[in-house]
Ligand code: SF4
């Protein structure tokens, strides 16, 4: 049995970092963790190949080699999925598909031979049992939310580490909060399920033994969904593991804003090597927060919460959304001003969308406001429903936010503010985001951002400020400069045209 594990191409996205990766000679930001884990669940005697179409092109001979093609995808890969399924059909290849896109919209893919939906620990096991017995159904689905205690270590040997900027591991699934636009709770439930500390350490060991060093993304939707277990079991084990190996990794993760309320937790995360936390701020308008039921963000000083996290030496990246029914006409200026004051360099601002399966989707369906399918790309000037605010005004306001906050002057100002906020932190020194070994990248940065790009004078001013005030942060400053370049390119490349919404 020969299986091709296929990860379709995603469209150019904010988090894809395509325009930044070229500076460090990488092709993709993160590996396809789901497929690497699925590979470990398949019978050992099956021959497996993994093809990430974000790294290499799919050739006809890749498909011809396989008996079965296993596809995993998110909404943002929809277009490429269609193309891949067409090629499989033309060659008569059997397909097995799973992951968030197929789980949320199975009816959209009648051409797939076997839909293995929900969580693979349950449905893939069932599929494999039937496969062995020679009687497979077309759809495997289950409401069971499995314990992750038996989830295997991913088969890292199926990828080339050199292609990726960061590795990924997963600690937990599920989130205790109820934001109405989010499909995490419908997909994974509201009770966070965690791997044991020993499991996570085993996954890190496997990366370490394969000589990976640098960034590791803990891909949980809410790393602190089960705060007690993270604080008392996971982090102490992680700190010990990192210390013993002289801090080989830096961690990135996602968490809810109530992380700011627990200084012990923040201190432990810092000690464990967390350098970057993504927080869903969504909106600074309390009515909008109530509308989407983001209750953990209400009744708090959001700026103070962000500064608290930054003061522990962690970069806060954050998500913002415009397009809520309760957004006032001046929401765009409010968002710009908040982002500037916060010192959040990486602010992902998107238009509100309603993924299938969410409570927002159900509400808008009842109100007859849904229009097209959710694209899954957070920053593509696209909405899948009719907003309350005049759509043209909304798109113009959105365009104003993203062009303003990523203009070189304002972006570099935010990075400097962030360095200032976390500048006083004393403690363990972790590896820099980029090393001086990447001299080629430094020269490229200087040429592209300092000579060729419009607004280059801001780059040199920024560099001077860094040398004067934060010389030890110079490598990190260059990484931020490259990220800024990527974000400007991403927003400049969006094919939005407000005129068509008149
Ligand atoms: S806190 Fe984040 S992961 Fe949890 S429901 Fe809200 S948006 Fe989703």
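Computed from the coordinates by the stated procedures, all read-outs in this text should not be read as laboratory data. Please read these numbers as outputs of a predicted model, since none were measured by experiment. Reconstructed Cβ throughout: ideal geometry from the backbone, glycine too, with neighbour counts over all protein chains shown.
Taking the Cβ of each residue in 50, 171, 463 as the centre, tally the other Cβ atoms inside 10 Å and list the residues starting with the fewest. Walk me through the numbers on the way to the answer.
Working: 50 22, 171 25, 463 19.
If I rank by nearby Cβ atoms, fewest first, I get 463, 50, 171.
Provide the FRET efficiency to the nearest 0.05 for the residue 178-residue 213 pair, computing r from the beta carbons and using R0 = 41 Å.
On the way: r = 39 Å, r/R0 = 0.94.
Efficiency at R0 = 41 Å is approximately 0.60.
Per 0.36 nm of contour for each residue apart, how much would the distance between residue 40 and residue 89 grow if the chain were fully extended, relative to their Cα-Cα spacing? Write out the running numbers ahead of the final one.
Working: separation 49, 0.36 × 49 = 17.64 nm, distance 2.64 nm.
Full extension from residue 40 to residue 89 adds 15.0 nm.
Report the Cα centroid-to-centroid distance between the range 1-26 and the range 198-223 in angstrom, as an integer.
19
For the pair residue 301 and residue 472, what calculated FRET efficiency results from E = 1/(1 + (r/R0)^6), where r is the Cβ-Cβ distance and R0 = 30 Å, to the nearest 0.05?
Working: r = 30 Å, r/R0 = 1.01.
So the FRET efficiency works out to roughly 0.50.
Considering Cα pairs under 8 angstrom that are at least six residues apart, work out the relative contact order of the chain and quote it in whole percent.
On the way: 869 pairs, mean separation 66.7, N = 502.
Here the relative contact order equals 13 percent.
Report the relative contact order of the range 148-345, percent, no decimals, based on alpha-carbon pairs under 8 angstrom and at least 6 residues apart. Before the final figure, lay out each step's value.
Details: 295 pairs, mean separation 35.9, N = 198.
Computed value for the range 148-345: 18 percent relative contact order.
Averaged across orientations, what area in nm² does the convex hull of the alpha carbons in the range 2-140 project? If you can, show how the numbers build up before the last one.
Details: hull surface 33.8 nm².
Directional mean of the projected Cα hull area for the range 2-140 stands at 8.5 nm².
Where in the range 283-318 does the label zone of residue 333 land, with the point 7 angstrom along Cα→C-beta and an amide N cut-off under 18 Å?
Residues 284-286 qualify, since their backbone N sits under 18 Å from the label point.
Please report 209, 311, 72, 337 as a ranked list, fewest other C-beta atoms within 10 angstrom at the top and most at the bottom. Present the calculation step by step, with values, prior to reporting the outcome.
Numbers: 209 9, 311 17, 72 26, 337 13.
Placing the least packed residue first, the sequence is 209, 337, 311, 72.
Semi-axes of the equivalent ellipsoid for the chain, please: Cα gyration tensor eigenvalues, times 5, square-rooted, ordered largest first, whole Å. Spell out each step's value before the answer.
Details: eigenvalues 238, 157, 113 Å².
Ellipsoid half-lengths, sorted descending, are 35, 28, 24 Å.
If each residue's Cβ is checked for other Cβ atoms within 10 Å, how do 113, 67 rank with the fewest at the top?
Values: 113 16, 67 12.
Going from sparsest to densest Cβ surroundings: 67, 113.
Before anything else, pin down the relative contact order of the range 2-140: Cα pairs under 8 Å, at least 6 apart, normalised by residue count, whole percent. Before the final figure, lay out the partial values.
On the way: 208 pairs, mean separation 34.0, N = 139.
Across the range 2-140, relative contact order equals 24 percent.
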